[in-house]
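Nothing in this text is a laboratory measurement; each read-out follows from the coordinates by a stated rule. In this text, all values refer to a predicted model and were calculated from it rather than measured experimentally. Please note: Cβ atoms are built from the backbone with ideal geometry, for glycine as well, and neighbour counts cover all protein chains shown.
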DNA sequence: ACAAAAGTGTTTTAGATACACCCATGC
DNA sequence: GCATGGGTGTATCTAAAACACTTTTGT
């Protein structure tokens, strides 16, 4: 019987793709952290990079719990729904030269392989206020149209996340509080458009969302707008 | 800066859900291995169990490569397409009493956590002949309707795999050689039915698959059948 | 009165569903 | 001639797509 399993252990991390819906600009932004500069005296030529919030898992937590904890430690975001979507484990995924400095400072064994389970979350961008923590120097929202070069293989991870929400926008809208408790149908349509990247016809959109009966019409209208005021709606509570 | 990552390493494994389509019985079966009995003198009360083929990953292989290698080592199956579908990492996923004996024999640290990336493959059951290897004592095909109790959390992993193919049968049919190179439309319909678990109407099925143009009609018919001979078809080569 | 977004219906098209009989072959 | 599975068409329903004008408010 072979014994090759004896010492073959690996680092395991989680990475979080947090997409924030910016209703005003009608676009999705991704939450990135800027890696903290370590003491420059010790580490020459260190260049901090942007990265997805992510870190190694702890011993007695599930992967889902790890994702929540790590996101909280780096950005102080709490209580959002994170969904696992893919696992990245190429042997070289953290061994690009651009990442060497960070690893040298933050890992006992900078050359070790790291396998990462990627998570996806969608939030209202004005609903949470990230606050950098742990090794995050600060946090920023970046439009998904203008993604900088990220640490490790994070561009690839983000790309896969964006594919997923484009394919199934509807699955990521209900019950995620991406809109205020009371919203207009135009707001909802804008959200769908931002997620799918498509333009939708107003009448057809309204027909289709009324067929699927997500919505409760409210006895309340917009006020103070310089056009015909829109009716407000809210989501039905999930049927389960 | 915290250093908690220092020694926190984990075992990482891959597990393969290989589903074999049995055309004669028109059903899907899953490939299981029977864990090899170690020397009974040393390990009392060892009970071998059925399990999905899976093992720890090696150092310099990608996850996809690991899945192929592990499957080959345990069953001598080669060259089939394996697709990652979910990662299971609950801290207790390998710590049930039923699994303790196996771990004691096969792992340096039997209490260590193991995170596993699960893979899915679909094959023609008469197209491959598994041959047990490594710690597999033998291999068996079991109908997905009658799954025994499996090692670790493998029942859960298999359940998730079956959900996935039920939801998107069409994605797992093209280009997987689940049928002979020449096949009849009834054979194809049976395959869809086995994968989706649904009964389909013959005329409607034929209409829909001819709309989507997967198929090349061949100038060849069944021979020797005691009914009207069916025309053969083959798949178009993938368009890419 | 004008600007700005809200709101509203009909027609067309395509795809999904339901359904029943004749055909070619081997024995 | 009979048993067996192969093969075919139409009517209906539903969902998606295209498309333009009137309404209500604030200024």
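Highest-first packing order for the peptide set A:200-211, B:15-26 is B:15-26, A:200-211, based on the mean count of other beta carbon atoms within 10 Å. Where both bridge residues fall in the protein assembly as shown, DSSP classifies roughly 70% of the beta bridges as antiparallel. Taking the helices alone, chain B has a mean residue ellipticity at 222 nm of -7500 deg cm²/dmol, built from -39,500 (n - 2.57) per DSSP H run of at least 4 residues and averaged over all its residues. Identify which of B:82, B:215, B:191 has the largest mean-square fluctuation in a Gaussian network model of chain B, with springs joining Cα atoms closer than 10 Å. Top of the fluctuation ranking is B:215. Counting every other Cβ atom within 10 Å of each residue's Cβ, B:218, A:52 order from fewest to most as B:218, A:52. A protection proxy built from the mean count of other Cβ atoms within 10 Å ranks the segments A:165-171, A:121-127, most packed first, as A:121-127, A:165-171. For the stretch A:171-235, the relative contact order works out to 39 percent when only alpha carbon pairs closer than 8 Å and six or more residues apart are counted. Helix A:63-75 and the longest principal axis of the Cα set of chain A meet at an angle near 90°.
Share of antiparallel DSSP beta bridges in chain A, in percent to the nearest 5?
Numbers: 26 of 38 bridges.
For chain A, the DSSP antiparallel bridge percentage is about 70.
Residue A:207 label point (Cα plus 7 Å toward Cβ) to equivalent points in the other copies: 2.1 nm, shortest first. Among the residues of B:53-59, the average count of other protein chain beta-carbon atoms within 10 Å of the residue beta-carbon is 4. For chain B, the longest principal axis of the alpha carbon atoms and the long axis of helix B:97-106 meet at an angle near 80°. Treating the Cα atoms of the stretch A:171-235 as identical point scatterers in vacuum, please give the log10 of the normalised Debye intensity I(q)/I(0) at q = 0.14, 0.21, 0.28 Å⁻¹, two decimals. Reported log10 I(q)/I(0), two decimals: -0.41, -0.94, -1.46.
Partner shielding of B:91-101 amounts to 1, given as the average count of beta-carbon atoms from other chains within 10 Å of each residue beta-carbon.
Compactness ratio for the stretch B:99-178: Cα radius of gyration over 2.2 N^0.38 Å (N = residue count) comes to 1.33.
Between rounded, prolate and oblate, where does the protein assembly as shown land on the alpha carbon gyration tensor, with a ≥ b ≥ c its root eigenvalues, rounded for a/c under 1.5, else prolate if a/b exceeds b/c? Oblate is the answer for the protein assembly as shown, as a/c is 1.5 or above yet b/c matches or exceeds a/b.
Arranged from highest to lowest average of other beta-carbon atoms within 10 Å per residue, in what order do the peptides B:223-233, B:141-151 appear? Before the final figure, lay out each step's value.
Working: B:223-233: 10.7, B:141-151: 14.3.
The most tightly packed comes first, giving B:141-151, B:223-233.
Label-point spacing for residue A:224 across the identical copies (point 7 Å from Cα in the Cβ direction), in nm and ascending order: 8.5. For chain B, the longest principal axis of the C-alpha atoms and the axis of helix B:185-196 are separated by about 30°.
Label-point spacing for residue A:26 across the identical copies (point 7 Å from Cα in the Cβ direction), in nm and ascending order: 5.1.
Averaged over the residues of peptide B:116-125, the number of Cβ atoms from other protein chains lying within 10 Å of each residue's Cβ is 1. For the pair residue B:204 and residue B:108, label points projected 7 Å from Cα toward Cβ lie 5.8 nm apart.
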